[in-house]
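Before any comments, here is the structure.
None of the figures in this text is laboratory data; all of them are computed from the coordinates on show. All of these numbers come straight from a predicted model, not from anything done at the bench.
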Amino acid sequence: MAAQVLDVVFYDGVVSKPWAAQISPIDDQSVLIRYGDALQKQRRYDYAAMTLVGALGKIQPVIELNDDARIEFSQALPEWFQLRHKDVHHSIWKLERTPSLIVFSLVFVLLMVFATIQWGIPSAAKYVAYQLPASSLQKIGNEAEHYILEMTQPSQLSQARQQQILGSYQKLIAGDAPGKVLFRQGESLGANALAIPNNTIILTDELVALAQNDQEVVAVLAHEQGHLVERHSLQQALSSLGFSIILLAITGDGTDLISALPVALVGANYSRNFESDADHYALKTMQQQGIPTIHLANFLERLAQDAGEDSQAQKSPLDFLQSHPATQKRIQAIKEFEQMQHATP
Ligand SMILES: [Zn+2]
């Protein structure tokens, strides 16, 4: 039986001092603890009175007893120790006893996931979007452009009309970051406009036709210029990579991920934040150029109506139309911007 005696640390529940103690089996139901300066004191404990805590009983298990005493093992529980076979059961039971801990853990994990999605991924995407070299932007953008060209048809607008719009863009919107403007017949994209990372804005014939005057077209170009300058399409596509983008931001190694971007670019829907950022960019530009900002609101309104009538266009993954449900809010924001400008000379 001597081999079954094990040195442990024992707290008697009366004084806080740890005792050098010995534990040994009495029978299947209970154990004997000998402690005190000369191991002269004894206590008998039933397994039923024990709670196993800590590390699933594998490393330095601790047994709590119902008289506030406590046994600390310096190694795994011995073979003869009956509680050993109830390790998992008791650990689970311990967790069940503290539902607040479970709820807390769950809430914590959910918050972490939420924070990562809400802020971590967009931040990483923004970081990477501005870290990528111009050659990568060009390559990704060119591929995306290729997809869009396949989805659309050559523009039916006359050269003169195209030059007219291009002239307005260069004079009023482009500033010191002029992009390439491509005219296309939108087909399934309908009235639409988009900005892709190879410094290109694509404008559909349908959009030009929907505008009631050139100032509305200019307003759209100003909005797209905002997306272009702030690299929104790239950020959105990078965000769509999800958690991998955080890894990419940390390691800087994303050759595989980057190759998936052109497709992601075409499928990416701008977030509300990007839309309102681009609107704001447009409003500032229009204001600087003396173009009434109401033209952007007017056009958004018409675009929303157009999308409502044309269910095909509503399904379009691109830019403006995606934010359709938020259009009224955006129009409201534009009108507020205008009022603020009038209020402060
Ligand atoms: Zn937009």
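Key figures for this structure:
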| item | result |
| --- | --- |
| Exceeding the 26 Å Cα-Cα cut-off - candidates 126/284; 284/329; 139/180; 139/329; 171/284 | 139/329 |
| Percent RCO, i.e. relative contact order, over the range 158-299, from Cα pairs under 8 Å lying at least 6 residues apart | 24 percent |
| Alpha-carbon Rg with Dmax, taken over the range 187-295, Å | 15.7, 49 |
| Radius of gyration and Dmax over the Cα atoms of the range 104-148, both given in Å | 16.4, 49 |
| Convex hull per residue volume in Å³, alpha carbons only, for the range 120-215 | 129 Å³ |
